[in-house]
Every structure is written in C-alpha cells, then in structure tokens.
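The values are calculated or read from the model by the stated rules, or taken from the named source; none is laboratory data. Only a predicted model underlies this, so the values are computations on that prediction, with no experimental measurement involved. Because the Cβ atoms are built from the backbone with ideal geometry, glycine has one as well, and the counts that use them run over all protein chains shown. Side chains included, ligands, DNA and RNA excluded: accessible areas come from the protein's heavy atoms. Shrake-Rupley method; radii C 1.70, N 1.55, O 1.52, S 1.80 Å.
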Amino acid sequence: MVPPLHAEFHCAVCGALAATLTLDAEGMYEHVHFMGQITERTNSQDRDALADGITRGDAAAIFAANPLWAPFYCPECKAVYCGEHWRVEMTFENDEGLPGWHDCAHGTCPHGHRRLVDD
Ligand SMILES: [Zn+2]
Ligand SMILES: [Zn+2]
C-alpha cells in the first residue's frame, strides 16, 4: 500500500494555513481550503502531474494540472493566499448556447487578480 501524498500551503500575506491536500493511492484527491473540503477522483493522466506537484510542494504545478485543484493559488502573483485574503463572490452565468444557468465562484486575490475558483 502506497502511503497517501500530503502537502500544506501557507498564505503569502499572513502565513496562515491556506490549504491541506491529500492524494491517496486510489487517486482520490482531497483538498481543504477556503472553498471547503472537496474530494474528487482523478484520472491516471492528471494524477501524475498532481502527485508531482504535491510531492514538490509546488502549487503552480497543481494549478497547471487543473486550476480548480488549487483555488488557493493566484497564478499572476504566483502565490498562495488563505480564506482571509481571497474575496470570493458567487456568480450565476449563462453559457452561450447552453440552456439554463449555472453557478460558479470567482476569487479576487489581495492584488486584485480575479480567477475562477469553483465551477
Ligand atoms: Zn492570509
Ligand atoms: Zn494575484
């Protein structure tokens, strides 16, 4: 049995714990941060990139594998922020050509960069 991979990231502003990530041998990825506790199954291709990012403690690599796997990371600052420092807003968007509305969330980092954090 391969032990689960584990990483923690701290806020670039205040040093608070911003995210706790765990990837187990079954490919279940659990990430806890300002958007809550999220568990999802990864496919084998993405899993390697994710495992690499967790092993090296590299939030940019995790973001590159899937931006929604690292909502605590601002790619423009290349920095991690905690829930105190992200400003989160829920939005309801209507995808062009698709019926109905879906909700998603955008976060704005302390330097004013806005990104999708939940979809
Ligand atoms: Zn902070
Ligand atoms: Zn930023």
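Looking at the structure I just gave you, is F92 surrounded by 14 or more Cβ atoms within 10 Å (Cβ to Cβ) and closer than 24 Å to H113 by Cβ?
The answer is no for F92.
Considering only residues that are touching a strand residue (DSSP E or B) at 6+ places or on another chain (Cβ under 6 Å) and not in a helix (DSSP H, G or I), which ones fall in the range 42-74?
If the condition is that a residue be touching a strand residue (DSSP E or B) at 6+ places or on another chain (Cβ under 6 Å) and not in a helix (DSSP H, G or I), then T42, G57, P71, F72, Y73 are the ones that fit.
Out of (1) away from ligand 2 (no atom under 16 Å from the Cβ); (2) more than 21 Å from H6 (Cα to Cα), the odd one out for T55 is which?
That leaves (2) as the condition not met.
Anything in the range 13-49 that is within 16 Å of ligand 2 (Cβ to nearest atom) and under 14 Å from P71 (Cα atoms)? List them, or say none.
A18, A19, H33, F34 - these are the residues of the range 13-49 that are within 16 Å of ligand 2 (Cβ to nearest atom) and under 14 Å from P71 (Cα atoms).
Restricting the search to the range 5-60, which residues are farther than 23 Å from D119 by Cβ, within 16 Å of ligand 1 (Cβ to nearest atom) and of a type in the set (G, A, S)?
A12, G15, A16, listed by residue number.
Does the range 43-55 contain at least one residue that is among the charged types (D, E, K, R), under 17 Å from F9 (Cα atoms) and open to solvent by 50 Å² or more (accessible area, probe 1.4 Å)?
Yes, that holds for at least one residue.
Is it the case that some residue within the range 30-41 is in a strand (DSSP E or B), surrounded by 18 or more Cβ atoms within 10 Å (Cβ to Cβ) and in contact with a Ser or Thr (Cβ under 8 Å, 6 or more places away or on another chain)?
Yes, the range 30-41 has at least one match.
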